[in-house]
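Visitor: Starting off with a structure, shown below.
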Amino acid sequence: MLKSIKKDKLMTKKNKKLKTNSVSTLPIFSQTFTPEVNAEIRRAATTGIYDIRGGGSKRRVPHFDDLLFLGASMSRYPLEGYREKCETALKLGTRNAENPLEIDIPITIAGMSFGALSAQAKEALGRGASLAGTSTTTGDGGMTKEERKHSSKLIYQYLPSRYGMNPDDLKKADAIEIVVGQGAKPGGGGMLLGQKINDRVAKMRTLPRGIDQRSACRHPDWTGPDDLEIKIIELREITQWKIPIFVKIGATRPFYDTSLAIKAGADAIVIDGMQGGTAATQDIFIEHVGIPTLACIRSSVDALQEQKLHREVQLIVSGGIRNGADVAKALALGADAVSIGTAALIALGDNDPKWQRDYEKLGTTAGAFDDWHEGNDPAGITTQDPKLSKRLNPKEAGKRLSNYLKVITLEAQTLARACGKSHLRNLEPEDLCALTVESAAMARVPLAGTTWIPGS
């Protein structure tokens, strides 16, 4: 008994010694209260205001990277890249318009407003899109002379705010896009803070200089699909039924929203996933409202197929499109075209490392800058500061954008040929498989190596 007590005492002393001399383990952070979450709590506690920023969702959600193409081998026949064509041209708005929008590539430039962007940036977008044989879009705040002059094909956005809305400009457009919602903020309106409201922006929007402008979250003169139908007819009469009418929807309930837009008479549907960018909105909106782009495509296609209008009413997908693989995968899931916004700005030169010192002065770094609403963009793109906006050469930036559009088109063609397709639009779900259960369920393609589609 005494021996046992002595042994226990010796072991206790030994353990204390080991504890004292032990090496500390790696600190483990909470998965709930991560350093990023804690930082936001401290920011909110210090400032007393919610965070406003641009860009898109920064957290990982299922996306096109979770899909793979099944290239042709024995059971399917690939096309030879140097001798066999893979076409890219298409028409948008063939349902009712006398003059549908004809583009050389299935990639368009999304709506980004003058005000959010500098006049130089709007000109550069027009130049780049024209060189690539595609269209660009006005955005909130109206049509500028620069973008109309340098855009061979220009889509006029008709937004709830009606900022800058001009019937004469409607007639100058090659298509009209009625914006019901945006992927980054479905159910919420836009923001353009006072520091970006110079004299020209204020005049175009018929609002005071230097005062924050918040766009409405819904159209003031209609409350549902019946009113939307009336509005579409009104716009057709203004433009003499010559140009197509698109309807843009933020992805939340894509099947029902697409169905209602079709019944209202839309010539094309634009569906914008939650990874879509924006110039300024609440961070809580960007990260917690809407559904991923990958999850909305098949539902919209279902709505089109149910009404036997798939391909007759075109589907344009936006929200996080980055490269040719994203383009090809969106088309394979049933889209007719895609639209890019954030990627176009990066191609122009936004968040470029050459402005690193300027970004550091703003308390950030190249690649992470998202305070586009502040008007201090060193690249001269998301600003109205005349000294900063002069940094952007519209000709050079337009050429960069054209190069980028050319590259991602070639990438998409390469993948399509590998699947044996002579046109990008001939890609189909059977050409895809998924790497995760989540992406397989959302895209409704088999999990790689199986025939299983979750939920089927």
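Rule-based calculations on the coordinates, nothing more; no lab input. Because the structure is predicted, anything quoted here is derived from the model rather than measured. Here the Cβ is made from the backbone with ideal geometry for all residues, glycine too, and neighbour counts use every protein chain on show.
Visitor: Points 7 angstrom from Cα along the Cβ direction at TYR50 and VAL407: gap in nanometres?
Guide: Once both label points are built, they end up 3.7 nm from each other.
Visitor: Sticking with this structure for a sec: Based on DSSP, what percent of beta bridges with both residues in the chain are antiparallel, to the nearest 5?
Guide: Of all bridge pairs located within the chain, approximately 25 percent are antiparallel.
Visitor: How large is the convex hull of the Cα atoms of region 227-289 per residue, expressed in Å³ as a whole number?
Guide: 108 Å³
Visitor: Please list the three semi-axes, largest first and in whole Å, of the ellipsoid equivalent to region 185-281, using sqrt of 5 times the eigenvalues of its alpha carbon gyration tensor.
Guide: Each semi-axis is the square root of five times an eigenvalue, giving 28, 19, 12 Å.
Visitor: Next up: In whole Hz, what ³J(HN,Hα) sequence does region 189-203 give by Karplus (6.51, -1.76, 1.60; θ = phi - 60°), x for Gly and Pro?
Guide: For region 189-203, the Karplus-derived couplings read x, x, 9, 9, 6, x, 5, 9, 8, 7, 4, 5, 4, 4, 5 Hz, x marking Gly and Pro.
Visitor: Can you tell me which of 131-141, 106-116 comes out highest on packing, and rank the rest after it, using the mean Cβ neighbours within 10 Å?
Guide: Final packing ranking: 106-116, 131-141.
Visitor: Sort MET74, MET274 so that the residue with the fewest other Cβ atoms within 10 Å of its own Cβ comes first and the one with the most comes last.
Guide: Ascending number of Cβ neighbours within 10 Å: MET74, MET274.
Visitor: When averaged across all projection directions, what area in nm² does the alpha-carbon convex hull of region 288-433 cover?
Guide: The Cα convex hull of region 288-433, projected and averaged over all directions, gives 11.2 nm².
Visitor: Related question: Amide H neighbours of ASP212 under 5 Å, counting only residues 5+ apart in sequence or on other chains, H built in-plane at 1.01 Å?
Guide: Excluding prolines and chain starts, which carry no amide H, the hits are GLY194.
Visitor: Summing -39500 (n - 2.57) over the DSSP H runs of n ≥ 4 in the chain and dividing by its residue number, what mean residue ellipticity at 222 nm do you reach, to the nearest 500 deg cm²/dmol?
Guide: Here the helix-only value at 222 nm equals -11000 deg cm²/dmol.
Visitor: How many percent of all Cα-Cα pairs in region 52-443 sit more than 30 Å apart?
Guide: For region 52-443, the share of Cα pairs beyond 30 Å comes to 35 percent.
Visitor: Quick one: Cα convex hull volume of region 295-357, Å³ per residue?
Guide: Spelled out: Cα convex hull of region 295-357, divided by residues, is 82 Å³.
Visitor: Hey, any idea what the orientation-averaged projected area of the convex hull of region 196-238's Cα atoms comes to, in nm²?
Guide: Average of the hull's projected areas for region 196-238 equals 4.2 nm².
Visitor: Still on this structure, I have one more. When the Cα centres of region 396-454 and region 314-339 are compared, how far apart do they sit, in Å?
Guide: Centre-to-centre distance over Cα atoms comes out at 8 Å.
Visitor: Just in region 212-246: which GluC sites (Glu not before Pro) are loop by DSSP and have at most 12 other Cβ atoms within 10 Å?
Guide: none
Visitor: Rounding to the nearest 10 and keeping the result within 0 to 90°, find how far the Cα-based axis of helix 254-263 lies from the longest principal axis of the chain.
Guide: 10 degrees
Visitor: Tell me the relative contact order for region 52-443 as a rounded percent, counting alpha carbon contacts under 8 Å between residues six or more apart.
Guide: 26 percent
Visitor: Next question, about the same structure. Can you sort TRP222, TRP452 so the residue with the fewest Cβ neighbours within 10 Å comes first?
Guide: Ascending number of Cβ neighbours within 10 Å: TRP452, TRP222.
Visitor: Could you please rank VAL407, VAL179, VAL247, placing first whichever residue has the fewest other Cβ atoms within 10 Å of its Cβ?
Guide: Least to most surrounded, the residues fall as VAL407, VAL179, VAL247.
Visitor: Over 26 Å between C-alpha atoms is what I'm after, so list which of LYS172/LYS231; LYS85/LYS242; LYS122/LYS248 land there.
Guide: LYS85/LYS242
Visitor: How much net charge surrounds GLY320 when only other residues with a Cβ under 14 Å from its Cβ are counted (Lys, Arg +1; Asp, Glu -1)?
Guide: So the environment of GLY320 carries a net charge of 0.
Visitor: Can you check what the net charge comes to around PRO100, using other residues whose Cβ is under 9 Å from the Cβ of PRO100 (Lys, Arg +1; Asp, Glu -1)?
Guide: Net charge around PRO100: -1.
Visitor: Still on this structure, I have one more. Let me test this: with uniform point scatterers at the alpha carbons of region 59-206, what is the Debye-based log₁₀ I(q)/I(0) at q = 0.12, 0.17 1/Å?
Guide: -0.64, -1.03
Visitor: Give the calculated FRET efficiency between ARG200 and ASN99 to the nearest 0.05, with a Förster radius of 30 Å applied to their Cβ-Cβ distance.
Guide: That gives a FRET efficiency of 0.45.
Visitor: So what are region 400-456's ellipsoid semi-axes, whole angstrom, largest first, if each one is the square root of 5 times an eigenvalue of the alpha-carbon gyration tensor?
Guide: So the equivalent ellipsoid measures 28, 13, 8 Å along its semi-axes.
Visitor: Work out the length of the dipole vector of region 359-451 about its Cα centre, built from +1 on the beta-carbon of each Lys and Arg and -1 on the beta-carbon of each Asp and Glu, and round it to the nearest 20 debye.
Guide: Result for region 359-451 is approximately 580 debye, rounded to the nearest 20.
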